[in-house]
Structure formats: C-alpha cells, structure tokens
1. Sort 433-440, 264-271, 164-171 for me by packing, meaning the mean count of neighbouring Cβ atoms within 10 Å per residue, highest on top.
2. Which whole-Hz ³J(HN,Hα) couplings does region 173-183 yield from phi under the Karplus relation 6.51 cos²θ - 1.76 cosθ + 1.60, θ = phi - 60°, glycine and proline marked x?
3. Mind checking Rg over Rh on region 278-400, alpha carbons, Kirkwood formula for Rh?
4. Through the Karplus equation 6.51 cos²θ - 1.76 cosθ + 1.60, θ set to phi - 60°, convert the phi angles of region 99-105 into ³J(HN,Hα) values in whole Hz; use x for Gly and Pro.
5. Can you give me the pair-distance distribution of region 275-484, C-alpha pairs, 5 Å bins, whole percents?
6. Can you give me the relative contact order of region 275-484 as a percent, contacts being Cα pairs under 8 Å and 6 or more apart?
7. Quick one: which residues, 5+ away or cross-chain, put their amide H under 5 Å from the amide H of Leu461? H built at 1.01 Å from N.
8. Could you please state, rounded to a whole Å, how far the C-alpha centre of region 196-210 is from the C-alpha centre of region 429-455?
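Bear in mind these aren't lab numbers, they're just calculated from the coordinates by the rules spelled out. Worth saying up front: this structure is predicted, and the values here are computed from it rather than measured. Virtual Cβ from ideal backbone geometry, glycine too; neighbours counted across all protein chains shown.
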Amino acid sequence: MLKETNILIIESALTTNSTYPKVTRQGVNEHLCFKQTLVRVDNLVFQNDTFGELQSVSCHNNKTKQMKKILTIILTFLVLEGMAQDIDLKRRYSFAKSYFGVDFSYFYNLQQTSFLNRQNLIQELDRNNFITPAINFGATHFWGHADFFVSVATSSKKIRTDEVDNSIRFRAITGMRIFPLAIIEHTIRPYLSYKFAPIRLNQRDLLGENYKRTQVKSILGAGIAYQTPKVYAYLGYEFIPNSETNIHLSRTQTATSSFPKGLITFGLNYSIEFTNGSYSPPIPQLDSLLRRKNTLGLFFGIGPSSAFPTQNSNYITDLYPFLDDRTMPNIFPEITAGYHFSKHEFVVSVNFRGIRQERDAFAFNQRLKRNSFGLEAYKFLFDYHGFAPFLGGGLLYEDIRLIEIDNGVNLTNDRFTLTTPSLLFGWDIRPGRRADIWLLRTNLRYSPFLELEKNSKKISLQHLEFNFIQAIIYPQRIKKYKELR
C-alpha cells in the first residue's frame, strides 16, 4: 500500500517526465504494485523503470504486511480449532461420571396382611416398618441431566419384631433420576425418579412353612441431590402404585396382602473419574490407527447380571399355583470374550452365564440350573460424546437341569438341551473414542422363544437379562499403548 508521502514523490517524478500527465489527486491506500513490470496509480500505467526503486521498496512492504495478515489468520484458526477440540474433549469426558455407594430405604405405614393361626383360621397381621440397605452402582450421564443406576438390596431390617416372621425384599433395583436442571458441583438440584424392581414378599407360618411372592413393580419418586467432586448424595420420597397382591397361606388357601406403598430413600456415593488416561498423547494416535484398520480388537469382559421373568409359566400357575411363578434368578456373572472390528464398529463375541432359579413353598422345591453359552454379533450405531449404543443378536446354546422335590421325595430330574435366538442391545461409555484400553459396557439380552415343555405345559425362560456394568479389557491395545508412550 502507498501512503500520502509516496504519492507526493510520484507527482515530483512526473514533473520531470512530460510524456505522462501529473497525478492531480493525492490520497492514501493506493495500489502501487500489481505486476512485476507495471505500476498502476489512479488507472495510469507507468513503466517499471520510471519507479523501479520506489516500486521495489513498496512491494516488499506490501508483501510483508500480507504475510503477517495470513500468519495471523492461520494462527487464529489454529487457536480456535484447538479451543474447540479442547471444549469437545471436556464435553466428551464429562458426558458420564461413575460412582458407587450405599442406599438406605425406609418403608413405613405398611398395610395389614394375614396368616393362619393355630386353629387354622385366617388372622390379621400388623407389620412393622423396616429399613433396606443396598449397594449402589451407577453413573450420571448427559452432562448431569440423568443418573442411571443399579442398587443391589441386602436383607431388610425390621424396626420391631412381628408376630409372624415376614419380610419384604427388594432384589436388583434398576432405575434413573432425571434432572431438569443439570446437577453441578456444590449446588442442590431437584430430580424425578423411576425405578423398576422385583419385590419379594416372604412369609413363614406358625408351622415353619415358607411362602414367597415376587412381582416386578414400578416405583415413582422425586427428591433433591447434591454433588461435590468426590461425593454424590440424594434424598427423596418414592411410592409404589398398585401395591395390592394375593398371597397363599397354604397350598390351597389365599388372602389379600400388599407391598409397601411409600418409602423415604437416602443415598451417599463416592464418585470415580475414569477418563484421566484419555488425555494422554498415545490415545489420539491409537484412535487414528483403529479408525484405519480392524486391528487390536481382542477383548475380555466380566460383570454382574440379573434376569427378569417377562412371561408366566402355565406349568406353575396351573399345577403349582402356590409357587412363586415370577421368582428372580440369583445375580450371576456374565463372562465374555470377543473381537472388535474397530474400523467398521462391529463386534463378534462369545459369552457364558450360569443362571440359577429356585422356587420353594410349603415343602415343595423346584430348581432350574441353566448353563447358557452365547455366540453374538452387534454393530455400534453412533458415538455421541462417548455414549456408543449397539444393536445385534445371536444364538444361545442352553443346557438346563430341572429338579423338583415334594416333601423330601424326588419327583423330577430332567435335562434339556436346545438352541434359541437372542436379541441384544446395549452401550459402551468410551471417553477415548475408539482407543480405550478398557471401558464399561452395559447390555440387555432377550430370548423371545426360550421355554421348556413338561407335562404338555410351558415353563417360560423368556427372561430380560440386564448386565449393567461389565468391565471390558483390550490386552492388545494395552501393549500398543505402552509402546506409544
């Protein structure tokens, strides 16, 4: 660019050269150098040798300023891009925050139930309040707007002793808390909650005979929560809609009873940060490699699972109605191994689950021992800031043993082997995109056609299996990670 003083010099030069008219207008920001051999000022073209020295100096200054502008733009872009990536990483790493802890639920205002007295007559029974401790495993998701968790309940503790031994036991409780305002550190936030849980009503009569009744119930609630960098606590009120049920007082006599209607819950949890390793330099390099190639995909995993019966068994409801048809299997481990084709986000895996289900009432005992081997494949659908859901299916090979004992007499000892399809859905929490050397996986499995046939009736094993927290380890990635450090 040419300043006013430069234009005065041009005008002086023109005075000595009558061939060209004078520049009659003075101004600023006139272009001096457009081409290597020409100079243009106010649409007047001059030969290069007229202003050779002046053109050289001005062009040099002009190029220097242009380079500075270009460098400034490039540096600004890089800084903004770096800031955007940093914000994206922070957003990704803060998507979910895991925790574990304890929960205490206080059940009060229980309704009366019934029992058979020594005259074999139905008598009302007052039930005292009780407390149920539980162990929590969960994680806040969606940047503090949701909390998904599993609570494994322990034995209930009565405030006072009842006339007849009875208890209400919650098994694996699965639920979520929704925060309309995202929970943040050092701030109290309100929440709405939903849980579903198998609730077992257990009652023993005066002769020592035991009866159990299990139903899966929805639990609605609201409360407040508070969080610090290490502590996550909540306090809430919850209620159980449609709490009435029928129970057996003997193999043939029934009565009306109920599950608890309301409870107060308090939880205290310790937050865990699993994303620190995702900031390390080898992770982006490993992620880039795994996006280009289907390599380093071998993994092993293990985690606790529960199974929820979804269908009635007419073998039980018709022949043994006093048994607990919807009884929950015991919590069991799921062991898995497989290969993750990272370039195509596709997984093939095998798994094993040893599932045990038992029904016991009035001296009749039924046990189902199920060894299930699965071959499954699933595809990751997308990756939303570290939340990577997948969908798939597979085949299950089932080796099942059915044992029945009535008053000490063995009635049944049958073995069933069969193959059945399964449906699979779940998600990974992946702070390192595709380069995590270990991660937490959740999966749900359903076998829509799994059932046994006995005495022309069906025993349903159409369970919804829920593996909430499964630790997945990639040994090949661990080795490669160490090499890149």
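1. On the way: 433-440: 22.0, 264-271: 18.0, 164-171: 19.5.
Top of the packing list down: 433-440, 164-171, 264-271.
2. 9, 10, x, 8, 10, 10, 9, x, 9, 4, 6
3. Working: Rg = 20.3 Å, Rh = 17.7 Å.
Rounded to two decimals, Rg over Rh is 1.15.
4. Per-residue couplings from phi come out as 7, 9, x, 10, 10, 10, 10 Hz.
5. For region 275-484, the binned pair fractions read 1, 7, 14, 18, 15, 11, 9, 8, 6, 5, 3, 2, 1, 0 percent.
6. On the way: 525 pairs, mean separation 49.8, N = 210.
After rounding, I find 24 percent.
7. HN-HN under 5 Å from Leu461: Glu451, Leu452.
8. Here the answer is 32 Å between Cα centres.
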